[in-house]
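The structure appears right after this line, and notes come after that.
The values are calculated or read from the model by the stated rules, or taken from the named source; none is laboratory data. Remember, it's a predicted structure, so these values are computed and weren't measured experimentally. Methodologically, a virtual Cβ is constructed for each residue, glycine included, from the backbone with ideal geometry; neighbour enumeration extends over all protein chains shown.
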Amino acid sequence: MNPEVHARRRAAIVEAAAAEFAAHGVDGTGTAAICRRAGIGSGTLFHYFATKRELFHAVFADDLPRMARRCAEALAAPDPEAGLDLLTGHLIAELADPLAPGLASAALLQANRDPEFARLLTALDAQLQEALTTLLERLAKAPGRALPLPAPSAARWIRNLIDAAHLTAGAADREATTAELRLILSWLMGRGSVPPGKIP
């Protein structure tokens with residue numbers, strides 16, 4: 001098969017699977033539903049992925065190179081503040097994805113029973129933690145800048161808060177959650193305190 005056609009079909013399968021996993025979880029999703037959504041037969045699905053578990057892994061494994069690119073772009077930014085804005089902006093933008101809460105919940109459950117998947121999530125977290133820590137350490141060295149927490153701790157809180165937002169931000173409150181999250185992250189990046197009552 002033409003490599004481009006193969007890549008497009010694989011991407012379509014992963015996209016269809018992500019929607020099903022987000023709606024029904026790993027246990028509640030059948031391969032037949034994924035095939036219907038992707039518009040393929042079961043034989044085609046198993047040509048790309050031998051098991052449903054392998055397909056679920058692919059939904060998140062495909063984020064590893066994307067995360068690496070985002071981290072590299074942020075680290076190459078002209079100043080650390082711009083890099084932090086770029087990286088956190090990418091992460092916050094993902095909150096607009098309606099699949100985010102369902103996929104985050106499914107991932108949390110799967111990580112507790114699947115050591116290989118847990119290692120995959122750990123690798124994603126490690127990429128992000130390293131980039132955020134490096135950018136925050138650079139920022140702390142700038143004249144007149146001080147972080148409220150040590151860089152590794154601030155980086156960990158940024159990750160944890162964004163992860164929590166993915167789990168809890170429903171469509172009705174996504175805008176308010178995003179605005180509040182930006183203010184909290186701004187404080188963690190040493191931009192001063194938020195005056196009482198200023199969170200929308």
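Quick look at the values:
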quantity: Lone unmet requirement of (1) part of a helix (DSSP H, G or I); (2) over 20 Å from His24 (Cβ atoms); (3) of a type in the set (A, V, I, L, M, F, W, C); (4) assigned by TED's automatic domain parsing to the domain that holds Gly28 for Ala126; calculated: (4)
quantity: Test: Ile13 is β-branched (Val, Ile, Thr) and not assigned by TED's automatic domain parsing to the domain that holds Ala165; calculated: yes
quantity: Residues that are loosely packed, with under 14 Cβ neighbours inside 10 Å and either among the polar types (S, T, N, Q) or closer than 20 Å to Leu87 by Cα (or both), drawn from the range 110-122; calculated: Asn112, Thr122
quantity: Helices (runs of 4 or more DSSP H) fully within the range 1-84 counting 2 or more residues that are without any contact (Cβ under 8 Å) to a residue 40 or more places away in the chain and either over 23 Å from the mean Cα position of the chain (by Cα) or buried (at least 16 other Cβ atoms within 10 Å of the Cβ) (or both); calculated: 3-24, 31-38, 42-48
quantity: Complete set of residues in the range 141-156 that are in a helix (DSSP H, G or I) and in contact with a Pro (Cβ under 8 Å, 6 or more places away or on another chain); calculated: Ala154
quantity: Number of the condition not met by Arg113 [criteria: (1) assigned to a helix (DSSP H, G or I); (2) closer than 29 Å to Cys35 by Cα]; calculated: (1)
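Matching residues to (1) crowded, with 18+ Cβ neighbours inside 10 Å; (2) in contact with a helix residue (DSSP H, G or I) (Cβ under 6 Å, 6 or more places away or on another chain); (3) more than 19 Å from Ala68 (Cα to Cα); (4) at pLDDT 95 or above:
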position: Pro98; (1), (2), (3), (4): no, no, yes, no
position: Gly102; (1), (2), (3), (4): yes, yes, yes, no
position: Ser105; (1), (2), (3), (4): no, no, yes, no
position: Leu108; (1), (2), (3), (4): no, no, yes, no
position: Ala131; (1), (2), (3), (4): yes, yes, no, yes
position: Leu135; (1), (2), (3), (4): yes, yes, no, yes
position: Gly144; (1), (2), (3), (4): no, no, yes, no
